[in-house]
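Structure first, commentary second.
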Amino acid sequence: MKKLNLWFCYLLLSYFTILTSSCSKNNGDNSNIIIDNGKIALGFDKNNGSLSVFRDIQNSHDWFDTTSVTGSPWEIEFTKDGVSELIDFSSATKFSSSKPDPATIVLKWKKFNKPEISKLEVEAKISLDKDKALSYWNISVRNYDGKLLKQVLFPRIAGLKEGGNEYLAVPQWMGQIMKDPRKNLAAIKSRIRKYEWIYPGLSFQCLALYDPEKCGFYAASNDSLSYIKNFSFSLDTLNTLVYRMHNLPSLDPSSANYSTPYSGVIGTFKGDWITTAGIYRDWGSKQRWARESRIKRNLTPEWLENTALWVWNRSKSDNVLVPAADIKQRLGLPVNVFWHWWHGCSYDDGFPEYVPPREGKKSFLSAVAEAHKKGIKSIVYMNQRLWGTTTESWTKENAVEHAVMNAGGKINTHVYNIFSNKGTASMCMGTQFWKDKYASLSDSAVNTYTVDGVYMDQACSALLCYDPDHGHPVGPGKYWLENFGKLTDQIRSKIPQEKQMILAGEGCGEAWLPHLDLMLTLAVSKERYAGVNQWETIPFFQAVYHEYSITYGNYSSLLVPPYDELWPAEYAPKKPLEMLDKKFNKQFLMEQARSFVWGMQPTIANYQAKLASQRKEEIDFLLDLARTRNNALKYLLFGKFMKNPDFETPYEEMDISRLSIYAGKTGNSVTTFRGTFPLVYSGTWQADDMDLGIALASISDKQVPVKLGFNADEYDLPASGKIFIIDDKGRKELGSYTKNEINVDLTLAPGDLCVVEVTSDK
């Protein structure tokens with residue numbers, strides 16, 4: 001009996017030890033102030049306010065370990081007389097914390113130990129979401145008289161320990177993902193090992209670091225007004241990751257107070273970048289830019305929605321409209337033209353002297369009229385911010401007064417044209433002068449020269465302008481996007497509605513959804529401009545905003561890059577637009593396959609009629625793709641992005657061409673890489689009526705078996721239904737399913753394309 005009692009006491013002691021340990025881990029100890037919503041727990045040191053606990057409760061994962069140095073949850077950069085100073089909480093001699101409610105912590109730092117900031121006060125408020133594994137971070141900085149506030153880095157999450165099989169996903173361009181980000185950061189040969197991205201520029205405001213089998217770190221901003229800000233990941237001295245959101249106040253010498261007009265968002269999840277997209281989509285789809293997107297308001301013309309193929313050609317009409325008519329006849333569906341170098345000025349140095357067209361007004365109008373008779377519409381290139389500094393109009397119109405000024409008080413200039421070495425300046429979107437100028441040019445292009453739209457190059461980005469005479473806040477702010485919207489409204493006000501004109505823009509971005517009808521997403525062909533590197537393109541933007549936008553465009557070409565006849569003749573290639581080596585043909589198929597399964601309007605660059613015979617396999621693939629997509633617009637134009645069912649796909653190492661966009665200065669415009677890529681591409685889409693479409697595209701030279709097996713509940717499908725195949729010839733029934741179990745066995749022929757459709761029994 002004595003032995004039994006001793007054993008019982010041992011068990012009881014063990015139980016209380018475990019309980020105490022568990023409570024400490026979940027609820028902190030006396031040195032921390034903790035908030036916990038049952039999904040995540042955050043804890044801050046009561047002595048200094050450092051973030052000491054960051055726990056994913058749902059997935060039993062602590063983001064900090066005992067070796068982590070978390071440090072200050074904020075950093076502030078001041079500037080005075082051109083000298084910058086970075087401070088953090090270590091400069092404060094007084095700290096306090098409070099918990100106004102169970103889900104909120106308020107942290108305050110006062111009495112800073114430097115005379116010039118002795119009155120400074122910093123207050124941070126962190127609150128947990130009621131229902132989600134998310135937290136919201138706001139900060140106020142007060143009483144910094146005599147100094148300019150350059151940036152506030154908050155939230156700052158330091159000490160993120162290695163998660164294992166890690167990936168980093170960011171919405172750069174359309175989206176990109178990197179495996180082993182710490183390893184790649186460590187390899188940077190620089191004192192500062194950091195990745196940094198600017199928004200707007202990023203297509204939306206979230207990033208994710210995750211191990212798909214364990215847990216993920218989610219960072220975002222809930223800024224609905226599109227203030228300029230940066231996001232970054234860097235490595236600290238202990239090789240742990242540090243995340244920062246760089247909040248950028250306008251430079252106002254009269255101000256001594258700043259509060260973030262939005263929240264930083266920090267959270268956790270289990271999954272991958274698609275899971276991340278779903279988290280962000282829950283917020284982003286409720287914002288004004290989604291509600292007011294052009295396609296959701298039925299403002300995009302029918303001809304745009306029905307475009308089966310874009311031809312991206314350059315120069316005079318016989319090199320643009322004639323080839324477009326050729327491929328339209330072969331395709332038998334609407335083909336439209338994305339037209340560069342139509343303008344009378346040299347590309348990348350003569351802007352904005354676009355009119356008259358280089359072939360003359362009469363010839364141009366005649367060619368456009370003939371194309372209209374054939375059902376071919378055109379959008380023409382006009383950069384929406386560049387002005388050549390050596391042009392006659394630069395001096396005559398005193399454009400320099402309206403150009404973007406940098407923080408040093410100088411005009412930002414850049415040489416894009418490596419052949420002429422002539423510079424361009426970025427014009428300030430906040431000036432009425434530039435809006436009037438660009439709107440007038442657009443008026444001329446559509447109303448005088450009868451084209452069907454304007455492509456606004458470099459559209460989905462925002463610049464900082466420090467000119468105090470431009471009528472906008474100095475430096476950062478939200479004025480760029482506000483004024484871009486005013487510009488597009490001004491353009492449309494000059495053009496009769498019956499013309500059904502569209503505005504397209506380079507890049508894709510949530511903030512531009514109410515302003516642009518069409519977005520150019522070049523990342524489909526990332527390898528052509530970036531080669532094969534550690535970043536892989538993903539349809540991140542489509543996963544969030546596909547049904548709110550129309551995307552198109554890539555550099556996918558079977559010819560070497562072109563050369564503008566207005567550039568110096570000495571650099572012109574001996575064989576303009578010659579055939580690319582056939583070893584790169586599979587790259588062309590891959591780019592087109594990505595475009596198809598990712599729900600984009602297909603595009604071919606530099607099309608010539610000779611390709612239909614000399615590159616028959618590739619052109620036939622493109623035509624079949626366009627026809628198949630046209631038969632599945634319910635999914636590929638209007639559908640919601642969904643996670644793919646699991647299936648195995650073979651991979652293959654292939655030759656990849658990296659091209660100059662245009663002919664190279666030295667003649668070497670093509671560089672060869674080797675990369676390993678999938679041979680079957682897929683994208684899953686859900687229609688408004690909940691029917692499911694799974695797009696498949698094979699670029700293999702061999703037959704590829706595909707087995708799709710999944711439960712109907714995963715996609716909110718009925719327990720029984722029918723299965724169809726949509727291809728270039730139409731739609732045919734494949735079979736049916738019952739008891740929630742969907743199984744599809746296919747064999748894809750070489751170069752095969754289709755959409756597997758799963759519907760109810762209707």
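The values are calculated or read from the model by the stated rules, or taken from the named source; none is laboratory data. Computed from a predicted structure; not experimentally measured. Counting neighbours? That spans all protein chains shown, and the Cβs are built from the backbone with ideal geometry, glycine included.
For the range 489-511, how many residues meet the condition of being outside any helix (DSSP H, G or I) and not basic (Lys, Arg)?
12
Write out, first by first residue and then by second, each pair whose Cβ atoms fall under 6 Å of each other, whose residues are 6+ apart or on separate chains, and whose first residue, in the range 310-332, is at pLDDT 95 or above while the second is basic (Lys, Arg) and surrounded by fewer than 21 Cβ atoms within 10 Å (Cβ to Cβ).
Partner pairs satisfying both residue conditions: ALA325/LYS374.
If we keep just the residues of the range 71-85 that are at pLDDT 95 or above and more than 15 Å from LEU51 (Cβ to Cβ), which is surrounded by the most Cβ atoms within 10 Å (Cβ to Cβ)?
ILE76
Please state which one of TYR715, TYR681 is touching a Phe, Trp or Tyr at 6+ places or on another chain (Cβ under 8 Å) and touching a residue at least 40 places away in the same chain (Cβ under 8 Å).
That would be TYR681, the only listed residue that is touching a Phe, Trp or Tyr at 6+ places or on another chain (Cβ under 8 Å) and touching a residue at least 40 places away in the same chain (Cβ under 8 Å).
For the range 185-199, does any single residue satisfy the condition of being farther than 19 Å from TRP137 by Cβ, assigned by TED's automatic domain parsing to the domain that holds ALA41, touching a Ser or Thr at 6+ places or on another chain (Cβ under 6 Å) and crowded, with 18+ Cβ neighbours inside 10 Å?
no
Identify the residue in the range 418-461 that is touching a Gly at 6+ places or on another chain (Cβ under 8 Å) and of a type in the set (Ser, Thr, Tyr) and, among all such residues, is nearest to TYR227 (Cα to Cα).
If we take residues in the range 418-461 being touching a Gly at 6+ places or on another chain (Cβ under 8 Å) and of a type in the set (Ser, Thr, Tyr), then SER461 is nearest to TYR227 (Cα to Cα).
If we scan the range 95-106, do we find a residue that is modelled with pLDDT of 95 or more, of a type in the set (Val, Ile, Thr) and either out of contact with any strand residue (DSSP E or B) (no Cβ under 9 Å at 6 or more places or on another chain) or within 30 Å of GLU162 (Cβ to Cβ) (or both)?
So far as the range 95-106 goes, yes, one or more of its residues are modelled with pLDDT of 95 or more, of a type in the set (Val, Ile, Thr) and either out of contact with any strand residue (DSSP E or B) (no Cβ under 9 Å at 6 or more places or on another chain) or within 30 Å of GLU162 (Cβ to Cβ) (or both).
Say we look at the range 50-76 and pick out the residues that are in contact with a Leu (Cβ under 9 Å, 6 or more places away or on another chain) and β-branched (Val, Ile, Thr); which of these is nearest to GLY164 (Cα to Cα)?
If we take residues in the range 50-76 being in contact with a Leu (Cβ under 9 Å, 6 or more places away or on another chain) and β-branched (Val, Ile, Thr), then THR67 is nearest to GLY164 (Cα to Cα).
Which ranges mark the strands (runs of 3 or more DSSP E) fully within the range 257-347 that have 1 or more residues being under 30 Å from GLU370 (Cβ atoms)?
Per the criteria, 309-314, 335-340.
Search the range 178-204 for residues being among the basic types (Lys, Arg) and touching a residue at least 24 places away in the same chain (Cβ under 8 Å), and hand back the single one that is nearest to ASN222 (Cα to Cα).
So the residue we want is LYS194.
(1) modelled with pLDDT under 95; (2) within 23 Å of the chain's Cα centre (by Cα); (3) of a type in the set (Lys, Arg): which one isn't true of LYS161, the others all being true?
Evaluating LYS161 over (1) modelled with pLDDT under 95; (2) within 23 Å of the chain's Cα centre (by Cα); (3) of a type in the set (Lys, Arg) leaves (2) as the failure.
How about the range 445-472: which of its residues are touching a Ser or Thr at 6+ places or on another chain (Cβ under 8 Å) and under 30 Å from PHE364 (Cα atoms)?
VAL451, ASP452, GLY453, VAL454, CYS460 - these are the residues of the range 445-472 that are touching a Ser or Thr at 6+ places or on another chain (Cβ under 8 Å) and under 30 Å from PHE364 (Cα atoms).
Within the group VAL322, VAL335, which residue is buried (at least 18 other Cβ atoms within 10 Å of the Cβ), out of contact with any Asp or Glu (no Cβ under 8 Å at 6 or more places or on another chain) and aliphatic (A, V, I, L, M)?
When all the criteria are applied, what remains is VAL335.
Considering every residue within the range 681-697, establish whether at least one is in contact with a strand residue (DSSP E or B) (Cβ under 6 Å, 6 or more places away or on another chain), surrounded by fewer than 18 Cβ atoms within 10 Å (Cβ to Cβ) and part of a strand (DSSP E or B).
Within the range 681-697, none of the residues are in contact with a strand residue (DSSP E or B) (Cβ under 6 Å, 6 or more places away or on another chain), surrounded by fewer than 18 Cβ atoms within 10 Å (Cβ to Cβ) and part of a strand (DSSP E or B).
Considering each of LEU209, LEU238, LEU251 in turn, give the residue that is in the same structural domain as TRP137 (by TED's automatic domain parsing) and surrounded by fewer than 17 Cβ atoms within 10 Å (Cβ to Cβ).
LEU238
Are there any pairs, at least 6 apart or on different chains, whose C-beta atoms fall under 9 Å, with the first in the range 251-268 and free of Cβ contacts under 8 Å to residues at least 24 places away in the same chain and the second among the basic types (Lys, Arg), and if so, which?
Between residues of the range 251-268 that are free of Cβ contacts under 8 Å to residues at least 24 places away in the same chain and residues that are among the basic types (Lys, Arg), there is no close pair.
When the range 55-70 is examined, which residues are found to be surrounded by 13 or more Cβ atoms within 10 Å (Cβ to Cβ), at pLDDT below 90 and not hydrophobic (A, V, I, L, M, F, W, C)?
Within the range 55-70, SER68, THR70 qualify.
Given (1) touching a residue at least 60 places away in the same chain (Cβ under 8 Å); (2) buried (at least 22 other Cβ atoms within 10 Å of the Cβ); (3) out of contact with any Lys or Arg (no Cβ under 9 Å at 6 or more places or on another chain), identify the lone condition not met by THR488.
With (1) touching a residue at least 60 places away in the same chain (Cβ under 8 Å); (2) buried (at least 22 other Cβ atoms within 10 Å of the Cβ); (3) out of contact with any Lys or Arg (no Cβ under 9 Å at 6 or more places or on another chain) applied to THR488, the lone miss is (1).
Out of everything in the range 702-730 that is assigned to a loop (DSSP other than H, G, I, E, B) and in contact with an Asp or Glu (Cβ under 9 Å, 6 or more places away or on another chain), what residue ends up being surrounded by the fewest Cβ atoms within 10 Å (Cβ to Cβ)?
GLN703
For the subset of the range 131-176 comprising residues that are among the aliphatic types (A, V, I, L, M) and assigned to a loop (DSSP other than H, G, I, E, B), which member is farthest from PRO73 (Cα to Cα)?
Applying the filter and picking the extreme gives MET174.
Filter the range 731-743 down to the residues that are out of contact with any helix residue (DSSP H, G or I) (no Cβ under 8 Å at 6 or more places or on another chain) and either in contact (Cβ under 8 Å) with a residue 40 or more places away in the chain or not in a strand (DSSP E or B) (or both), then identify the one that is surrounded by the most Cβ atoms within 10 Å (Cβ to Cβ).
Ranking the qualifying residues of the range 731-743, first place goes to ARG731.
Out of the strands (runs of 3 or more DSSP E) lying entirely within the range 61-106, which hold 1 or more residues that are of a type outside the set (Ser, Thr, Tyr) and more than 25 Å from SER234 (Cα to Cα)?
Passing ranges, in order: 75-80, 92-101.
Restricting attention to the range 348-363, which residues are outside any loop (DSSP other than H, G, I, E, B) and of a type outside the set (Ser, Thr, Tyr)?
Residues satisfying the conditions are LYS361, LYS362.
I'd like to check something: does the range 522-530 contain any residue that is within 21 Å of GLY453 (Cβ to Cβ), surrounded by fewer than 24 Cβ atoms within 10 Å (Cβ to Cβ) and of a type in the set (A, V, I, L, M, F, W, C)?
The answer is yes, given that some residue of the range 522-530 is within 21 Å of GLY453 (Cβ to Cβ), surrounded by fewer than 24 Cβ atoms within 10 Å (Cβ to Cβ) and of a type in the set (A, V, I, L, M, F, W, C).
When you go through GLU565, GLU547, GLU578, GLU527 one by one, which is the residue that is touching a strand residue (DSSP E or B) at 6+ places or on another chain (Cβ under 6 Å), among the charged types (D, E, K, R) and closer than 25 Å to SER657 by Cβ?
Result: GLU527 is the single residue among GLU565, GLU547, GLU578, GLU527 that is touching a strand residue (DSSP E or B) at 6+ places or on another chain (Cβ under 6 Å), among the charged types (D, E, K, R) and closer than 25 Å to SER657 by Cβ.
Looking at (1) over 11 Å from the mean Cα position of the chain (by Cα); (2) in a strand (DSSP E or B), which is the one condition that is false for ILE188?
(2)
Looking at the range 495-506, is at least one residue under 27 Å from TYR280 (Cβ atoms), among the polar types (S, T, N, Q) and modelled with pLDDT of 95 or more?
no
Within the range 324-331, is there a residue that is among the small types (Gly, Ala, Ser), under 30 Å from HIS414 (Cβ atoms) and in the same structural domain as ASP443 (by TED's automatic domain parsing)?
no
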